[in-house]
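Worksheet: one structure, shown below.
The values are calculated or read from the model by the stated rules, or taken from the named source; none is laboratory data. Keep in mind the model is a prediction, meaning the values are calculated, not measured. Note that we place each Cβ from the backbone using ideal geometry, even for glycine, and neighbour counts take in every protein chain shown. Keep in mind that these areas ignore ligands, DNA and RNA; they rest on the heavy atoms of the full protein, side chains included. Shrake-Rupley method; radii C 1.70, N 1.55, O 1.52, S 1.80 Å.
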Amino acid sequence: MTGAEDFRALAWAETALDAATRALDDRPTEFVNALQAADQMLQQAGALFVQMIVHNQVRRLGNVKIVEQYNGGKGWQSVSSESIATEHFRQREIIAFDHPFPRGAMMIYGSAERYGSRRQGTTVRGYILRDSESLAAFAAPAHVFDA
């Protein structure tokens, strides 16, 4: 498994929802957008609460080399590191980075690790949490095996 399966499945669901709401008039579209934003905020708050209760930290991914962004400012992010985490990243885990971009903390929807003699590393995909720059500043130091 490469980690991209989760990414593609969620992207397909978002595309199907966008197609269904595109036919709506202005007022219903505004209502649907507000519900989607509230749903995303509640999901992120719930995931962060559970993570802090169970794990008591927000981990940091070190040695970031590539950051890619999809669908503008509120879209997907893909972050690749040349490090391997000492413990695998979990789906819906919230992490920070030792790099100025992306700004804020990410909720992971997919991850993959590469092992090899020449190239190894970790790639995570997800959304950057809105207004999460201060949360990212308090994340635990990166615990990784550098390549």
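Just so you know, in segment 11-65 the residues that are over 23 Å from ILE94 (Cα atoms) and not in a helix (DSSP H, G or I) include one that is least open to solvent (accessible area, probe 1.4 Å), and it is LEU24.
Restricting attention to segment 93-111, the residues being open to solvent by 20 Å² or more (accessible area, probe 1.4 Å), at pLDDT below 85 and out of contact with any Pro (no Cβ under 9 Å at 6 or more places or on another chain) number 4. Are any of the residues in segment 129-144 modelled with pLDDT under 75 and in a strand (DSSP E or B)? Checked against the condition, which is being modelled with pLDDT under 75 and in a strand (DSSP E or B), segment 129-144 yields at least one hit. Evaluating LYS74 against the criteria (1) within 14 Å of the chain's Cα centre (by Cα); (2) open to solvent by 80 Å² or more (accessible area, probe 1.4 Å); (3) at pLDDT 85 or above leaves one unmet condition, (3).
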